[in-house]
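Scroll down for the structure; my scribbles are underneath it.
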Amino acid sequence: MWGRIERSTNVCALSIHGDKSMTWQLNDIPDGQYADLIATARCGIGLIEHQVLIDRLMQSVAEEHCRGASPGSVVEFDDGPVTFLFALAGTSHADRTLLAVGRPERPHEVRDVAYQRGYPLPDLFAGRPVDRGHLIPYTGGGQYGPNLFVQDRALNRGWSRDGRGYRALERAAVAGAPDTLMFARTHYIDDTDVPGFIDLGVATASDVAVHRFRNRFDSTEARREMSIVLPGATNAQIGGLGEETAAVLLTENLDATLVAMGDARLPRDGTRQDLDLLAVVDGELIAYEVKTRYASTKAGRVTRAGNLLRPRLQRSRTPGTGQASQPYVADRLAGHIEVGDGYEGIVVQIIAVDFVAMLAQWFDVNDSGSGLRPAGPPIDCTDAALRALQQIVDHRGQL
């Protein structure tokens, strides 16, 4: 696998062989601070001088730290292929790493699992699972001690949209070794050693890609802002928010009465997937399956006719029994209505929720769970999504 970083006027795009291309706007990083650093690290023929970039990063981070209130002393040291800037505890903060930068290389020692397990770690941080993260990955020669930090699990394991981007940058840095330079710059929002944000950068001979990732979601505002919550959400959380959004649209737009909800509020029974929503609309009981898009390549796309792309339903080995088919739905209605003799079926619809376009659309489906066609034009779901997020946060403290 190889990594390549391409640059256009205002976008840094990271392309990895075998992975889908990922693109981030340069203005994800405020004040153009990295643009200035990169410009000063370019030599006469336009190539990046890695040592100059390292020196400028060290200087910039140290100066920013010293401008803070009661900063602790800063020390610089090497551990393996990584150079660290480490802030000793001051009156306003704990001991913590400010910057890790180095050229990735294969680890020379076997992973010290016992040491890593001994690193203190809470079970949850602000209600979210966390891991012992590495500023420079172990596969790139990153060791322990100042290289370890409390990292949001979805970010560390690539379970969220941001997490996939984070892992992609790490893979590009390691795959391009020894010709790449990698750095991780932490940003703290209180006096602890748990960073609120991490700037992850990868430099080749010709350019640099940098992105800022959120590592903490514990402020009231962060828990309720869609632009903050969505990039850090797992697929399961995105799906739950989509179901809750669909429920808000049904109750507020169609005056529906909800009879039951699936994964958004109720635990799943083993591996069996329940119906997402069961509601009474205009006196008729209707079963709904909700399909939510955010991280997929189809998110945000509409057809020439202005419709969302048709959702994809799960198929079955037995024809005509896949998701949203009458047999599939009847099997899951047994706890709500009589589905024995005399049962003639029920209306089933698909609700597509797109958190990139912030649109929702209803689709009709035939008895075999195929042949989807729009039941109406897409509608804006921004307000419904915000209300849904508020309901979930009020219920359990986080998405």
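Within the range 299-316, does at least one residue satisfy the condition of being surrounded by fewer than 11 Cβ atoms within 10 Å (Cβ to Cβ) and modelled with pLDDT under 90? No, every residue in the range 299-316 fails to be surrounded by fewer than 11 Cβ atoms within 10 Å (Cβ to Cβ) and modelled with pLDDT under 90.
Every residue, every condition in (1) of a type in the set (S, T, N, Q); (2) at positive phi, yes or no:
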residue	(1), (2)
L37	no, no
I48	no, no
H65	no, no
V74	no, no
G80	no, yes
S92	yes, no
R106	no, no
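Against the condition outside any helix (DSSP H, G or I), hydroxyl-bearing (S, T, Y) and over 29 Å from D162 (Cα atoms), how does S296 come out, does it pass? The answer is no for S296. Only one of the numbered conditions (1) under 15 Å from Q398 (Cβ atoms); (2) more than 15 Å from the chain's Cα centre (by Cα) is not met by A222, and that is (2). Residues in the range 345-364: is at least one out of contact with any strand residue (DSSP E or B) (no Cβ under 8 Å at 6 or more places or on another chain) and over 11 Å from N307 (Cα atoms)? Scanning the range 345-364, I find at least one residue that is out of contact with any strand residue (DSSP E or B) (no Cβ under 8 Å at 6 or more places or on another chain) and over 11 Å from N307 (Cα atoms), so the answer is yes.
For every residue, the table says whether it meets (1) acidic (D, E); (2) in the same structural domain as R185 (by TED's automatic domain parsing); (3) surrounded by 14 or more Cβ atoms within 10 Å (Cβ to Cβ); (4) more than 28 Å from the chain's Cα centre (by Cα).
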| residue | (1), (2), (3), (4) |
| --- | --- |
| Y34 | no, yes, yes, no |
| A41 | no, yes, yes, yes |
| G44 | no, yes, no, yes |
| Q51 | no, yes, no, yes |
| M58 | no, yes, yes, yes |
| E63 | yes, yes, no, yes |
| C66 | no, yes, no, yes |
| S70 | no, yes, no, yes |
| V74 | no, yes, yes, yes |
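Within the option set A35, A62, being assigned to a helix (DSSP H, G or I), within 17 Å of A209 (Cβ to Cβ), of a type in the set (G, A, S) and free of Cβ contacts under 8 Å to residues at least 60 places away in the same chain holds for one residue only, A35.
Taking the criterion of being in a strand (DSSP E or B), farther than 15 Å from L249 by Cβ and in the same structural domain as Q237 (by TED's automatic domain parsing), would at least one residue in the range 351-359 satisfy it? Looking through the range 351-359, none of the residues is in a strand (DSSP E or B), farther than 15 Å from L249 by Cβ and in the same structural domain as Q237 (by TED's automatic domain parsing).
One residue stands out among those in the range 158-169 that are more than 10 Å from the chain's Cα centre (by Cα) and in contact (Cβ under 8 Å) with a residue 24 or more places away in the chain: the one that is surrounded by the fewest Cβ atoms within 10 Å (Cβ to Cβ), which is A168.
Can you tell which of I350, I337, I346, I379 is in contact with a Phe, Trp or Tyr (Cβ under 6 Å, 6 or more places away or on another chain) and not acidic (D, E)? It would help to see each step written out before you state the result.
Numbers: I337 fails: in contact with a Phe, Trp or Tyr (Cβ under 6 Å, 6 or more places away or on another chain); I346 fails: in contact with a Phe, Trp or Tyr (Cβ under 6 Å, 6 or more places away or on another chain); I379 fails: in contact with a Phe, Trp or Tyr (Cβ under 6 Å, 6 or more places away or on another chain).
Matching residue, one of I350, I337, I346, I379: I350.
Residue check: V210 meets all listed conditions (1) assigned by TED's automatic domain parsing to the domain that holds D274; (2) β-branched (V, I, T); (3) in contact (Cβ under 8 Å) with a residue 40 or more places away in the chain but one, namely (1).
Taken over the range 330-363, the criterion of being at pLDDT below 90 and within 21 Å of G242 (Cα to Cα) is satisfied by R332 alone.
Just to verify a result, which residue in the range 74-102, among those that are in a loop (DSSP other than H, G, I, E, B) and within 20 Å of L200 (Cβ to Cβ), is modelled with the lowest pLDDT?
In this case the residue turns out to be G80.
None of A154, A205, A172 is under 24 Å from L389 (Cβ atoms), touching a residue at least 24 places away in the same chain (Cβ under 8 Å), in the same structural domain as D78 (by TED's automatic domain parsing) and hydrophobic (A, V, I, L, M, F, W, C) except A154.
The values are calculated or read from the model by the stated rules, or taken from the named source; none is laboratory data. What you see is a predicted model; the values in this text were computed from it and never measured. So basically every Cβ, Gly included, is an ideal-geometry build from the backbone, and we count neighbours across all protein chains shown.
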